[in-house]
Amino acid sequence: MKAFIYERARTPVEAAAAVAKDPNAKFIAGGTNLLDLMKLEIETPRRLVDVNDLKLDRIEPTRDGGLRIGALVRNTDLAADKRVRKDYAVLSRALLAGASGQLRNKATTAGNLLQRTRCPYFYDTNMPCNKRKPGAGCSAIGGFTRAHAVLGTSEACIATHPSDMAVAMRVLDAVVETVRPDGATRAIPVADFHRLPGNTPHIETALMPGELITAVTLPKPVGGEHAYHKVRDRASYAFALVSVATILRKDGSGRVALGGVAHKPWRVEAAETAMPRGAKAVAEGLLAGARTTDQNAFKLTLAERALDAAMAQARS
Amino acid sequence: MAKSEDLSLSRRDLMAATAASAAISGAPGVAGAAPSDAPSVVEVSLEVNGQKRPLKLDTRTTLLDALREHLKLTGTKKGCDHGQCGACTVIVEGRRINSCLTLAVMHDGDKVTTIEGLGTPEKLHPLQAAFVKHDGYQCGYCTPGQICSAKAVLDEIKAGVPSHVTIDLTEDPRLTEAELRERMSGNICRCGAYSNIVEAIGDVAGGLA
């Protein structure tokens, strides 16, 4: 690990300013992903700005009947919150399907959104990777691609976003709130928060340098059966091959977002009009434009069948 | 004449001494590097097993390395050092975490409980006694992490924290084998003592539902 200066920020604006003024600075909250990457020298910040004292650890009701989740709310606390369990069960389910108890105790809401891909070529510093070194090339393309993206990929990158939580946030139409070094705030719909890789896979989110996430807001509850189906190689403590976050209503209408298939949580609102006609009809629009390899083409079948299973469960 | 303490220098002390001299011999390289490469040293105070432990640490020191290398509390084990195996699990401010994936400097003033703080060879913690009784280990390397994790798991269930296998999210979770297996999945045991570990934890909890 490279040496770094450590400082604790007292206010969100102070934290944002500290990171904005130093191109080699990074925020640290839970640290479960960042420190792992620092040990491997994939991340080499020279200044860490600890944001744990910023008091962004509350879950509060919003005026329009939703919930505002502080950036520092730990994954365990968010999943266990009685309001979330009752009104946003898909979010609890997604969180509980991710990582381990130890990691969820440390990992934060904002940090979960900002975690990096688990593409093995991103982790292997001996292999070229456009995320680690823009322009170096992508070792995954033509490599071992069973776990890689099948939607929204580019010639530069076929990595997936590993978060379960973000998939639930996407199906709930969550909004990411941020503050910038000058104190200006903005609200970014989670749909626009993560970027597709395109020619710049190293730029993963809509955040500007130094911009700090302060909260994630959920709109008022969406009625219906909430579920999160995660398909993985182990029964617990593994990343998704495919995951399906669903909110399904008795009349057959509903929403669906996919994890494990793209560089961001994958949702196609237009495809949801086909919900009453079943998973196959939805999959046609949801998975349109997929680009697969021999090793990961199974993800399309798996996504459709996982959605079908979720629909069957909601009907029973 | 050498004192008896010198003669009883343990393998562990010897390894620590060797590591220290290696660090000193490595120092000139560090000194010659650009200022930004120089280690940053800070003061931090941990409350470990009820005792205040002030330390001067390189900011890079993980909580795990602070415990093992600086405080010589080697009960907490380093397995993968990447948060994948759970051998380094300790309880910080009442919650289990992977001590390898957090910096000591982030825990100034925090209460840390390690396996040394749960029980002693003379007075075992009920979980330690149950692991012995149920053969909840073979090589024992993952055991301190398993036991710290298990203690926190029982507290989490008591506090009503749900898990991936909790059937009804609106109800408090029940103490079942499935719940224990899911909640302990962040602790890997390569000897495969899992079923005995579940029995040991269930025994301490007063039986499974």
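Assorted remarks:
- Environment charge at A:L300 (Cβ cut-off 15 Å; Lys +1, Arg +1, Asp -1, Glu -1): +1
- Shape summary of segment A:176-316, radius of gyration then Dmax from alpha carbon positions: 17.0, 53 Å.
- Within the same chain, lysines fewer than 8 places from A:K55 are excluded, and of the rest, those with a Cα less than 20 Å from its Cα are A:K26, A:K106, B:K111.
- Semi-axis lengths, largest first, of the ellipsoid equivalent to segment A:20-77 are 29, 13, 9 Å, with √(5λ) applied to each eigenvalue of the Cα gyration tensor.
- Taking GluC sites (Glu not before Pro) in DSSP loop states with no more than 16 other Cβ atoms inside 10 Å as exposed sites, chain A has its longest site-free stretch at A:156-316.
- Segment A:1-116: proportion of alpha-carbon pairs further apart than 17 angstrom, %: 59 percent
- Screening chain A for whole DSSP H helices of 20 Å or more along their axis (Cα) with average Kyte-Doolittle hydropathy at least -1.0 returns A:298-315.
- A straight line joining the Cα centroids of segment A:227-291 and segment B:90-162 runs 38 Å.
- Förster-model FRET efficiency, 35 Å R0, A:D53 and A:A238, C-beta, rounded to 0.05: 0.55
- For segment A:90-169, fraction of C-alpha pairs farther apart than 15 Å, in %: 61 percent
- Taking Cβ atoms as reference points and 14 Å as the exclusive limit, the residues near A:G65 contribute a net charge of +1, counting Lys and Arg as +1 and Asp and Glu as -1.
- Per residue, the average separation of C-alpha pairs within less than 8 Å and at least 6 apart gives segment A:241-316 a relative contact order of 31 percent.
- Interchain or long-range residues, amide H under 5 Å from B:L46's placed H: B:R53, B:L55, B:G109
- Under the convention that each Lys and Arg Cβ holds +1 and each Asp and Glu Cβ holds -1, the size of the dipole of segment B:29-143 around its Cα centre is about 280 debye.
- Computed from the alpha carbon atoms alone, the convex hull of segment A:263-316 holds 85 Å³ per residue.
- Farthest toward positive dipole pole in segment A:1-154 [+1 Lys/Arg, -1 Asp/Glu at C-beta], among A:V150, A:M1, A:N24: A:V150
- Shape category assigned to segment B:26-174 from the gyration tensor of Cα positions, a/c cut at 1.5: prolate
- Phi to ³J(HN,Hα) by Karplus 6.51 cos²θ - 1.76 cosθ + 1.60 over segment A:33-45, Hz, x for Gly, Pro: 8, 4, 5, 4, 5, 5, 4, 8, 6, 7, 10, 9, x
- Neighbours of A:G30 by Cβ distance under 9 Å: Lys/Arg scored +1, Asp/Glu scored -1, total +2.
- Protein-only accessible surface order, largest first, of B:H164, A:H226 at 1.4 Å: B:H164, A:H226
- Protein accessible surface hidden between B and A, which excludes ligands and nucleic acids, total in Å², probe 1.4 Å: 3400 Å²
- Bridgeable aspartates and glutamates around B:K133 (alpha carbons under 19 Å apart, same-chain partners fewer than 8 residues away excluded): B:E122, B:E177, B:E199, B:D203.
- Among the protein heavy atoms of the protein assembly as shown, carbon and sulfur supply 53% of the accessible surface, probe 1.4 Å, non-protein parts ignored.
- Label-point separation, B:Q51 to A:A191 (7 Å along Cα→Cβ), nm: 5.9 nm
- Cross-link table A:K82/A:K250; A:K220/A:K299; B:K77/B:K151, entries beyond 21 Å C-alpha to C-alpha: A:K82/A:K250; A:K220/A:K299
- Using all pairs of distinct alpha-carbon atoms, the Kirkwood hydrodynamic radius of chain A works out to 19.9 angstrom.
- Nearest-20 debye value, segment A:92-160 charge dipole, Cβ charges on Lys, Arg, Asp, Glu: 260 debye
The values are calculated or read from the model by the stated rules, or taken from the named source; none is laboratory data. All figures in this text were calculated on a predicted structure; none of them were measured in a lab. Heads up, the Cβs are rebuilt from the backbone with ideal geometry, glycines too, and the neighbour counts pull from every protein chain shown. In case anyone asks, the SASA skips ligands and DNA or RNA and just uses the protein heavy atoms, side chains included. Shrake-Rupley method; radii C 1.70, N 1.55, O 1.52, S 1.80 Å.
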